[in-house]
Each structure stands twice: as C-alpha cells, then as structure tokens.
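This report concerns only the one structure given below.
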Amino acid sequence: MDQVEAVFREERGRLLAALARRFGDLDLAEEVTAEAIEAALLRWPIDGVPPNPGGWLMTTARRKAVDRLRRDQVYAAKLAILQVDADRAEAPRPGGEFPDDRLELFFTCAHPALAAEDRGALTLRCLAGLSTPEVARAFLVPAATMAKRIVRAKAKIRDARIPFRVPSKDELPERLPGVLQVIYSVFTEGYAASSGPYLQRLDLAEEAIRLARILHSLLPAEREVAGLLALMLLVHARRDARTGASGEVVLLEDQDRTRWDHDQIAEGRALVVQSLTGGPAGPYAVQAAIAAVHDEAPTFASTDWVQIVALYDVLSALDPSPVIALNRAAALAFRDGPEAALTLLDTLADEPRLRDYHPYALARADLLQRLDRRTEAVAAYERALTLAGSDPERIHIRARLADLSNA
Amino acid sequence: MKYLLLINAGELDLSGGAVGCEPADWMRFDQEITDAGVVVASESLADLVTQTRVQVDNDGKRTVTDGPFAETREVLGGFYVIDVPDLDVALDWAAKCPGSRAGGAVVVRPVAEFPGA
C-alpha cells in the first residue's frame, strides 16, 4: 500500500499541475485529483492497472471536473473565463502524452505576489504532495492555521489570477531565484530546526531534495538549479554524523567521516561540476563548491581552508550578505588564526541580521575560547544560549560553558 | 480581467514632480499603455490639499471634513484601470509606470468579477 501511495504521490503533482493549468483553479484541481486517485485505488486492484495509468488518471480527473462544474453553475461561471484562456493557450503535445505542467506550478506556488510564508507551504502541498497537517508540522504551526494560510494563498491565485505559466527566458533570472529560495528555505529548516527537540528534521531536508530533483529534471540547463541540488546533497550527506547517539550536536571537526553518505557526495560533486561549467557561477553553485571541499577532506585537519576562503570571497562578491561574511570569517580562523577572524567578526557586530543570530554569538565565543579570553567567551556563549532555537543546540552550548568553567 | 493600478507617487522635488520621473516619462508611459489598447479608465488626481472627506452616521447626519492628509510621503496621485489576461501582465505594466520609481509604488488590485454580471 505504501508503495502504491508513493507512486501516486509522484503522479499526484503532475496530475494536479496539468489540471490547475487546464482549469485555472487549484481547489478544483486538488479536489478532482484526489477523487481520481481514490477511484484508481478502488478500481485497479479489481480491473488491473490500465496500460496508461497517467492517462487514465487524467481522463478520470477531467471527467470529474466537468461533472463538478455541471453541478455548480456559479462556480463554473467564475472559472469560465479562465477555462477559455487555458484552452487557447494549450498547445498540442506530441504523442498525446499528458503534459508535465509542474514547472508552471512551481512558479505559481513561489509567485512573488504571494506572502513569503505561504510560498513554501503551497509548494510542499502541491508539488511534494504533503497533506495540510503534514505541511503544518513542517512549519510548526497548528493545522488550522496552516489550512487558513493555504486557503488564503489559493484564493489569491484564483481571484487575482496569478497565471500558471513559466516565465520567459528574459524573465527567468528574476523569477527563478524565488523558486530556489522556497526550496532552500525548506531545506535549511530541515538542516537546523529553528526550534524543537531535534537538531535536524530529515524528512524536511529530504522533501527539499526531492523538489530540487523534480525542478532539475524540468530545467536541466539551469546551472543554479543543479547548484542548489548539489549543495543540499553535499550537506545532507553528513546527516548521520551530525548528531550523536542521544541527538547531541557533533561539530564538523569531530564528525566520523566514514558515516557520511559517500554515494550522495559523489552525486553532489558531479552536479557541482555541472553548475560551475559554462559561465559565471551563481551563489548556489559556489556554496555547493564550498560544501564539496569540506566533503572531499578525509580529515578535518586536511581541509583546504585556502580554497574555502577563496570561494567565500567569490560568494561575498555575488551575494554580499552579513551571514556569508560570518561564515567567511569562521573559515578564515582556520587559515589565518582566531585573532584575524575575531577582528573580522567584530566589524560585523552592528549588522542587524546578526544581532540576534545565535551562530554569530557562537562563532565569537569559539574564537574567544581559542584565544583563552575566558570571561568574554563565557559572555558570548551565554548570549548564544539565549538565542539558540533547538534543544540540542542549547545542550551543546551548555556543554561548552561547562568545559570552560572546569578547565 | 480588470486590474486597478493605484499610483502612489514618491518623494517630490522642488518643482512638485517625483524625483527621477519627468513629465516626459509619464507621457511616454501613457502613450505606450494607451497604444497597447488595455486601458479601461485612467485619471490623475488633483493635489491632496483639495481632498474632502464625507461620512454619514446612523442618524443620517452628514460630517464633512477637510482632508485627510496622509502623513506618509506616499500619496495617491492617480490610477489606471486596465484589462489584461493575468496578474503577471498587470505587474509588468505597473513596473513600467513611472509612479513605481523614485520611492513611489503602484498597488495592483483586481477588480471584482461577479458571475453572470
């Protein structure tokens, strides 16, 4: 049964996208997609799986949509104009195969006219096939709150008529980063949960990778999509080594590198090469390259810090954000020593984005400890403790504080 | 589908125009959007100081007041109603409008459609 569900989860996104584009309405598309899958689960075990399962589902869903519109004339009238537009726009497809419109749906779900917080939710719901309660758990909000947000976003798509379309070649540089950002923000929440009992939420990180894989298959020539997928694979490859037996934080320098997922690293490295070839690199490609340099080092001591700092220089030029400056400084500590890195960190002290960002306080604390400036290190750890989100992060910081007072 | 583009002009310079959007820019934009055949209605509004507010309470008593005068620098200066296929096209016109520049903003709002109307 689970296997069947998994097949449908994949098929569901394609079906939903095609129907949303056809009828210009996500609600109707979701409703008839669910009904078609339900019908398949009922019929296929008896009648056998049809020769073209996708086509069967599509025909069934369309028929159900037409039935629904016949029953509800007001609703039909509301959608009538949209339907005409969609029909006109629909180009004939070779071989009569049912079209893959998921790329359209990606751009609709990540449309800048939607609230930023709704874009990730909608993408998980429509393209990763998560139920509303699952999306609510992903964003740690009550199911009712999430249901309201999804209804609001779908209503805006319908009533403001946000189109189901792929931006043209010259619009793409402006619109694609928004889609990548949605996927990456799902991943980062999975990589380091902003609150709760666990450091990582592997299910979320895996959903993000799944979404990036779909997007990469739809836009194989877009190097930043390859870069994002590479970055996530290369970071996610370390998941098993990042926490200890009781869920505690294990720092990069203490990780058992034999527990890294080396198949995933190999896949990520191949994608990095792809994302860095054929023109100037984008920010995701450069971040993926940094992750690759870490993953390639057999031990922490053999990490190529010169290369990593140089890559951070490239990244800072592309995307001069304070968080990247912080990461660059942390890498610089291993190339030029803690003193130089601390000087750099202190120049960032007034950055509003870093003021309440616990990794900043933690990085400072670590450098101060290395420099044996204990009182200041304690203060910095205490600051990090008040800002840290997940329980394992707080436990880790308390342990560092305890080490300091025992030493 | 019809969209209302509400033009909130940006900072004004000494001659009363928004910085960086010359009258020539507005004329060029108006010509372009008119030639595209999408304009349903458009007006630019008289100066804010001419604004008057009317309210009628439950007893039918009318209250007329001078103003109100926004304290922000963004002031509604005019509007277009355009008929275009979808939000992306409306947003493209809004981005072309000089009112979206120099600290100003154009707010895009769909006009409600009533089935059967």
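The values are calculated or read from the model by the stated rules, or taken from the named source; none is laboratory data. On a predicted model such as this, the values are computed, not experimentally measured, just so you know. All Cβ positions, even for glycine, are placed from backbone atoms using ideal geometry, and neighbour counts span all protein chains on display.
Annotations
- Extreme residue, nearest to the other protein chains (Cβ to nearest Cβ), among residues of region A:64-86 that are touching a helix residue (DSSP H, G or I) at 6+ places or on another chain (Cβ under 8 Å) and modelled with pLDDT under 65: A:LEU82
- Test: residue in region A:168-176 that is under 21 Å from the mean Cα position of the chain (by Cα), assigned to a loop (DSSP other than H, G, I, E, B) and within 14 Å of chain B (Cβ to nearest Cβ): no
- Residues of region A:114-161 satisfying the condition of being of a type in the set (A, V, I, L, M, F, W, C), more than 16 Å from A:GLN181 (Cα to Cα) and within 14 Å of another protein chain (Cβ to nearest Cβ): A:ALA153, A:ALA155, A:ILE157, A:ALA160
- Considering region A:275-287, and only residues there that are farther than 23 Å from A:SER390 by Cβ and surrounded by 19 or more Cβ atoms within 10 Å (Cβ to Cβ), the residue that is nearest to the chain's Cα centre (by Cα) turns out to be A:TYR284.
- Taking first residues from region B:31-51 that are surrounded by fewer than 12 Cβ atoms within 10 Å (Cβ to Cβ) and partners that are among the aliphatic types (A, V, I, L, M), the Cβ contacts under 8 Å between residues at least 6 apart in sequence or on separate chains come to B:ALA41/B:VAL81.
- Verdict on A:PRO99 being out of contact with any His (no Cβ under 7 Å at 6 or more places or on another chain), farther than 25 Å from A:LEU176 by Cα, modelled with pLDDT under 85 and not acidic (Asp, Glu): no
- Which listed residue is aromatic (Phe, Trp, Tyr) and within 14 Å of another protein chain (Cβ to nearest Cβ), from B:PHE79, B:PHE114, B:PHE69: B:PHE114
- Among the residues of region B:88-111, those that are touching a residue at least 40 places away in the same chain (Cβ under 8 Å), within 11 Å of chain A (Cβ to nearest Cβ) and not hydrophobic (A, V, I, L, M, F, W, C) comprise B:ARG109, B:PRO110.
- Test: residue in region A:150-170 that is modelled with pLDDT of 90 or more and polar (S, T, N, Q): no
- Odd one out for A:GLU267 among (1) in contact (Cβ under 8 Å) with a residue 60 or more places away in the chain; (2) over 20 Å from A:ASP319 (Cβ atoms): (1)
- Every test in (1) assigned to a loop (DSSP other than H, G, I, E, B); (2) over 23 Å from A:ASP391 (Cα atoms) is passed by A:LEU199 save one, and that test is (2).
- Region B:89-117, residues that are out of contact with any strand residue (DSSP E or B) (no Cβ under 7 Å at 6 or more places or on another chain) and surrounded by fewer than 20 Cβ atoms within 10 Å (Cβ to Cβ): B:VAL89, B:ASP92, B:ALA95, B:LYS96, B:ARG101, B:GLY103, B:ALA112, B:GLU113, B:PHE114, B:PRO115, B:GLY116, B:ALA117
- Sole residue being acidic (Asp, Glu) and at pLDDT 90 or above, chosen from A:ASP366, A:ASP356: A:ASP366
- Taken over region A:151-167, the criterion of being buried (at least 21 other Cβ atoms within 10 Å of the Cβ), among the aliphatic types (A, V, I, L, M) and not in a loop (DSSP other than H, G, I, E, B) is satisfied by A:ALA153, A:ILE157.
- Consider region A:235-265 and keep the residues that are surrounded by 14 or more Cβ atoms within 10 Å (Cβ to Cβ) and hydrophobic (A, V, I, L, M, F, W, C). The one that is nearest to the chain's Cα centre (by Cα) is A:VAL235.
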